[in-house]
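Trainee: Take a look at the following structure, please.
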Amino acid sequence: MAMDITKGSTRVYIDPNRCIANAKCTTAAPGIYVVDEETGVAVIENANEATVEQLFAGARACPTQAIIIEQFGRRVYPRILTPMFGEARNEATDESD
Ligand code: SF4
């Protein structure tokens, strides 16, 4: 089980801060994504057998964009990674004057 796998030019990783353990990915790609009962975070198992289609199916099913896919070093999914509630923004935050 892993939270970060690389298959050829495709890298898939799971952001534990985004995962809410609702198991949508495990339904979309059974036997590939599983929710680790100890950590309460999704992980990838059977990485060797997983197809790129299955990896994408799980990522598309995830409502919090916790599964991130890169190809050739560039993020391809999700295209836009929306900030999580409470997540610090990269822009300058002090705009008060
Ligand atoms: S669908 Fe997303 S939030 Fe739900 S268990 Fe899978 S990775 Fe976690």
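Trainee: Quick test for you: out of Ala21, Ala2, pick the one residue that is surrounded by 12 or more Cβ atoms within 10 Å (Cβ to Cβ) and on the phi < 0 side of the Ramachandran plot.
Mentor: Step by step, each of Ala21, Ala2 is checked, and only Ala2 is surrounded by 12 or more Cβ atoms within 10 Å (Cβ to Cβ) and on the phi < 0 side of the Ramachandran plot.
Trainee: Name every residue in region 23-47 that is polar (S, T, N, Q) and more than 10 Å from the ligand (Cβ to nearest atom), in order of residue number.
Mentor: Passing the criteria: Thr39, Asn46.
Trainee: How about region 30-58: which of its residues are closer than 15 Å to Ala2 by Cα and of a type in the set (A, V, I, L, M, F, W, C)?
Mentor: Ile32, Val34, Val35, Val41, Ala42, Val43, Ile44, Ala47, Ala50, Leu55
Trainee: Considering only residues that are in a loop (DSSP other than H, G, I, E, B), in contact (Cβ under 8 Å) with a residue 40 or more places away in the chain and among the aliphatic types (A, V, I, L, M), which ones fall in region 1-40?
Mentor: Listed by number, the residues that qualify are Met1, Met3, Ile20.
Read-outs throughout are calculated quantities, based only on the coordinates presented, and are distinct from any laboratory measurement. Because the structure is predicted, anything quoted here is derived from the model rather than measured. Backbone-built Cβ (ideal geometry, glycine too); neighbour counts: all protein chains shown.
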